[in-house]
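These notes concern the structure reproduced below.
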Amino acid sequence: MNLSPDQTIIFDVWGYPINATIFFTWVVMALLTVASMVITRKLQPDVPPNRWRTMLEVIVQGIQGQIQEIAPGPSRYLLYFAGTLFLFIAVSNLLLVIPGFDPPTSSLSTTTALAISVLIAVPLFGVISRGLGGYLKTYLEPSFVMLPFNIIAEFSRGISLAIRLYGNIMSGAVIAAILLSVAPFFFPVVMDVLGLLTGIIQAYIFAILATVYISSATGAPTPSQPEKDTP
């Protein structure tokens, strides 16, 4: 049994091996792109929404509601970023029930790439919100002595995100393989249900943590830090 889809080669392109991680990442990206185009192709006020558009609106409004609870205020770009993370991870994990599909999130390279995207987004959103000088000052809070510790904490966030997502997905796949070898007729149904549930939970946790990190960098008020009223 391959512990990572990186070890499975699907085909070669001009001598470059395309492993299962890259291939199924393309599959998920294509699926999300095509589905969004099909669902929104008649996105007009005078056209009544169908069930697919209603489902998409519920998902988007749910993500936006969670972001507003963490980072009140303008959050459109944060919605784009965190929503994309959630949908990619959720769809990747949910497609695990399809025979032969290796979720790209079970690869450490994918989870690392997702964590790196968060590491890049945190200072990017911070600079846009506070300005370059204002964001760099956050590394000196509460004192300049904390500069190295704040830098280490910044990178440790990304490492923890990558390892947490990879570990949870991989441990679930290993446990499922063990149970399937013990009782192949009963456990598949149970593991499929648990896989669907944990896949949604992991996508939610990753997107929420990314939102928390970005909101702390932008200085957005959180529930534990209410916004001060201006006189």
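The values are calculated or read from the model by the stated rules, or taken from the named source; none is laboratory data. Worth saying up front: this structure is predicted, and the values here are computed from it rather than measured. Cβ: placed from backbone, ideal geometry, glycine included. Neighbour counts: every protein chain shown.
Contact annotation: residue pairs with Cβ atoms under 7 Å, 6 or more positions apart or on different chains, pairing a residue in the range 22-51 that is within 20 Å of Asp102 (Cα to Cα) with a partner that is among the small types (Gly, Ala, Ser) and in a helix (DSSP H, G or I), are Val28/Ser92.
Filter the range 78-114 down to the residues that are of a type in the set (Phe, Trp, Tyr) and under 15 Å from the mean Cα position of the chain (by Cα), then identify the one that is surrounded by the fewest Cβ atoms within 10 Å (Cβ to Cβ). Steps first, answer last, please.
Going residue by residue through the range 78-114, those that are of a type in the set (Phe, Trp, Tyr) are 80-81, 86, 88, 101.
Filter once more, keeping what is under 15 Å from the mean Cα position of the chain (by Cα): 80-81, 86, 88.
Working: Tyr80: 10, Phe81: 20, Phe86: 23, Phe88: 21.
The qualifying residue surrounded by the fewest Cβ atoms within 10 Å (Cβ to Cβ) is Tyr80.
Matching residues to (1) under 21 Å from Ala82 (Cα atoms); (2) surrounded by 11 or more Cβ atoms within 10 Å (Cβ to Cβ); (3) out of contact with any strand residue (DSSP E or B) (no Cβ under 6 Å at 6 or more places or on another chain):
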| residue | (1), (2), (3) |
| --- | --- |
| Pro123 | yes, yes, yes |
| Arg130 | yes, yes, yes |
| Thr138 | no, yes, yes |
| Glu141 | no, no, yes |
| Met146 | no, yes, yes |
| Ile159 | yes, yes, yes |
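Can you name the residue in the range 13-25 that is surrounded by 10 or more Cβ atoms within 10 Å (Cβ to Cβ) and out of contact with any strand residue (DSSP E or B) (no Cβ under 9 Å at 6 or more places or on another chain) and is also modelled with the lowest pLDDT among such residues? Per the stated criteria, the residue is Thr21. Flag not set for Ala113, criterion: hydrophobic (A, V, I, L, M, F, W, C), touching a residue at least 24 places away in the same chain (Cβ under 8 Å), assigned to a helix (DSSP H, G or I) and closer than 27 Å to Ser215 by Cβ.
Scanning the range 26-33 for any residue that is of a type in the set (Phe, Trp, Tyr), buried (at least 16 other Cβ atoms within 10 Å of the Cβ) and closer than 27 Å to Leu161 by Cα turns up nothing.
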